[in-house]
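**Student:** Supplied in structure tokens, the structure appears directly below.
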Amino acid sequence: MELGQIGIWSSYRPFGIERAGEAAKLVEQLGYGAWWVGGSPHVPDVRPVLEATSTLVAATGILNVWINDPAETAAAAAALRADFPARFMLGIGIGHPEATSDYSRPLTTMRAFLDGLDASPAPPPVEERCLAALGPRMLDLAGERTGGAHPYFVPVEHTRFARDQLGSGKLLAPELACVVDTDPVRARAVAREYAKLYLGLRNYTQNLLRFGFSEVDVARGGSDALIDAVIPQGSAEQIAEVVRAYLDAGADHVCLQPLGEEGIPRESWTALSKVLVD
């Protein structure tokens, strides 16, 4: 499976699933290697991306274990692999306690889900699945049972830590939200609006506290330092410098999520591709 170094992360919400094919064709034409489909998708939800393109990899970013059955997931993934060989990455995540009333024992639950996948008639290949891992134990599980990790809402220091935890030979594909806008006031406002949700989820805030940020940084919408570290803003060239820092820290693939553009983010995707995609 060829993900390339740079991919796109986006749900269908900004433009509607009816335009998924149009957006996917643009992503492929611009030279991105993968589209990580957000919004807690089920496996069949990524089919429009694959049907509209010829080489683009589609990934679930991420499939939530609380609302998916492992046997059904494995069967759906097998169907995609049959139709689109080596073009589907199954990204799996444990979600958040704030969003799931049954949330408990995340590692045990994730192991049980992976056991269910492996017990199916056609289990997803290890190298074609990954975990949305943040902490050391989930990263260890990702390295043991999957092809690697897809961390979300993380600073570059987390990428360095995750690479050490995973070791070499495992995929590390962090998501990176960004704002392609050279107006600093407007750009930071967009970044702050996006960060509100994630700074209210303790899986993310606890992770940030492990990497040099304080309780003050994560409180009241986040400090400027935190916002700028996790959601870079500026010209496409400035954001490219940050992307290269993640790659230098050990990322194999960075999934870009440009913010602040209505509908399909055509301008942002295009500007970033010009400075990051060969």
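**Student:** Using the 10 angstrom Cβ neighbour count as an exposure proxy, how do Thr60, Thr159 rank, fewest first? Spell out each step's value before the answer.
**Tutor:** Working: Thr60 29, Thr159 25.
Ranked by crowding around the Cβ, least crowded first: Thr159, Thr60.
**Student:** Using a/c under 1.5 as the rounded threshold, could you call the stretch 168-258 rounded, prolate or oblate? The axes a ≥ b ≥ c are square roots of the C-alpha gyration tensor eigenvalues, and prolate needs a/b larger than b/c, oblate otherwise. Present the calculation step by step, with values, prior to reporting the outcome.
**Tutor:** On the way: a/c = 2.02, a/b = 1.11, b/c = 1.81.
The shape class here is oblate.
**Student:** Here's a follow-up. Test of the criteria: in the stretch 188-278, which GluC sites (Glu not before Pro) are in a DSSP loop and have at most 14 other Cβ atoms within 10 angstrom of their Cβ?
**Tutor:** Values: sites: Glu193, Glu215, Glu237, Glu241, Glu261, Glu262, Glu267; in loops: Glu261, Glu262.
The qualifying sites are Glu262.
**Student:** I want to verify the translational diffusion coefficient of the stretch 113-167 in µm²/s; compute it with Stokes-Einstein, Rh as the Kirkwood radius over Cα pairs, at 37 °C and 0.692 mPa s. Present the calculation step by step, with values, prior to reporting the outcome.
**Tutor:** Numbers: Rh = 11.6 Å.
D, rounded to a whole number, is 282 µm²/s.
**Student:** Helix-derived [θ] at 222 nm for the chain: sum -39500 (n - 2.57) over DSSP H runs of at least 4, divide by residue count, nearest 500?
**Tutor:** It lands at -13000 deg cm²/dmol.
**Student:** Here is a follow-up. Hull surface divided by four, with the convex hull built on the Cα atoms of the stretch 1-97: how many nm²? Don't skip to the end; give the middle numbers.
**Tutor:** Numbers: hull surface 24.4 nm².
So the mean shadow area of the Cα hull is 6.1 nm².
**Student:** Now for a different question. Sorting Met89, Met138 on the 10 Å Cβ count, fewest up front, what's the list? Please report the intermediate quantities before stating the final value.
**Tutor:** On the way: Met89 28, Met138 21.
Arranged by neighbour count, lowest to highest, Met89, Met138 become Met138, Met89.
**Student:** Moving on. Placing +1 at every Lys and Arg Cβ and -1 at every Asp and Glu Cβ, with all other atoms neutral, what dipole size does the chain have around its Cα centre, in debye to the nearest 20?
**Tutor:** On the way: 24 positive and 35 negative charges, 69 e Å.
Charge dipole of the chain: 320 debye, to the nearest 20.
**Student:** Nearest 20 debye, what's the magnitude of the dipole of the stretch 160-272 about its Cα centre given +1 on Lys and Arg Cβ and -1 on Asp and Glu Cβ? Before the final figure, lay out the partial values.
**Tutor:** Numbers: 12 positive and 16 negative charges, 88 e Å.
The dipole of the stretch 160-272 has a size of about 420 debye.
**Student:** Got a sec to turn the phi values of the stretch 64-72 into Karplus ³J(HN,Hα) couplings, 6.51 cos²θ - 1.76 cosθ + 1.60 with θ = phi - 60°, whole Hz, x for Gly and Pro?
**Tutor:** 8, 5, 6, 10, 9, 8, x, 5, 5
**Student:** Excluding Gly250 itself, what net charge comes from residues whose Cβ is under 9 Å from its Cβ, given Lys and Arg +1 and Asp and Glu -1?
**Tutor:** -1
**Student:** Give, as a single signed number, the net charge of other residues whose beta carbon lies under 11 Å from the beta carbon of Ala189, with Lys and Arg counted +1 and Asp and Glu -1. Display every interim value, and only then the final one.
**Tutor:** Numbers: positive: Arg186, Arg188, Arg192; negative: Asp181, Asp183, Glu193.
Net of charged neighbours comes to 0.
**Student:** In whole Å, how far is the Cα centre of the stretch 23-81 from that of the stretch 135-170?
**Tutor:** Cα centroid of the stretch 23-81 versus Cα centroid of the stretch 135-170: 21 Å apart.
**Student:** Among Ile231, Ile67, what is the fewest-to-most ranking by other Cβ atoms within 10 Å? Working shown, then result.
**Tutor:** Values: Ile231 25, Ile67 10.
Taking fewest neighbouring Cβ atoms as first place, the list is Ile67, Ile231.
**Student:** Shifting gears a bit: For the stretch 115-176, which GluC sites (Glu not before Pro) are both in a DSSP coil and crowded by at most 11 other Cβ atoms within 10 Å?
**Tutor:** Numbers: sites: Glu127, Glu128, Glu144, Glu157, Glu175; in loops: none.
Listed in order of number, the matching sites amount to none.
**Student:** For Gln233, list long-range residues whose amide hydrogen, built 1.01 Å from N in the peptide plane, is under 5 Å from its own amide hydrogen.
**Tutor:** When sequence neighbours closer than 5 places are left aside, the close amide H contacts are Val179.
**Student:** How large is the Rg to Rh ratio of the chain when both quantities use alpha carbon positions and Rh follows Kirkwood? Before the final figure, lay out each step's value.
**Tutor:** Values: Rg = 17.6 Å, Rh = 18.7 Å.
That ratio is 0.94, to two decimals.
**Student:** Around Val180, with a cut-off of 15 angstrom between Cβ atoms, what is the net charge of the other residues, counting Lys and Arg +1 and Asp and Glu -1? Mind showing how you got there, number by number?
**Tutor:** Values: positive: Arg186, Arg188, Arg266, Lys274; negative: Asp181, Asp183, Asp228, Glu237, Glu241, Glu261, Glu262, Glu267.
Combined, the nearby Lys, Arg, Asp and Glu give -4.
Bear in mind that the values in this text are calculations on the coordinates, not laboratory data. All values reported here derive from a predicted model rather than from experimental measurement. Counting neighbours? That spans all protein chains shown, and the Cβs are built from the backbone with ideal geometry, glycine included.
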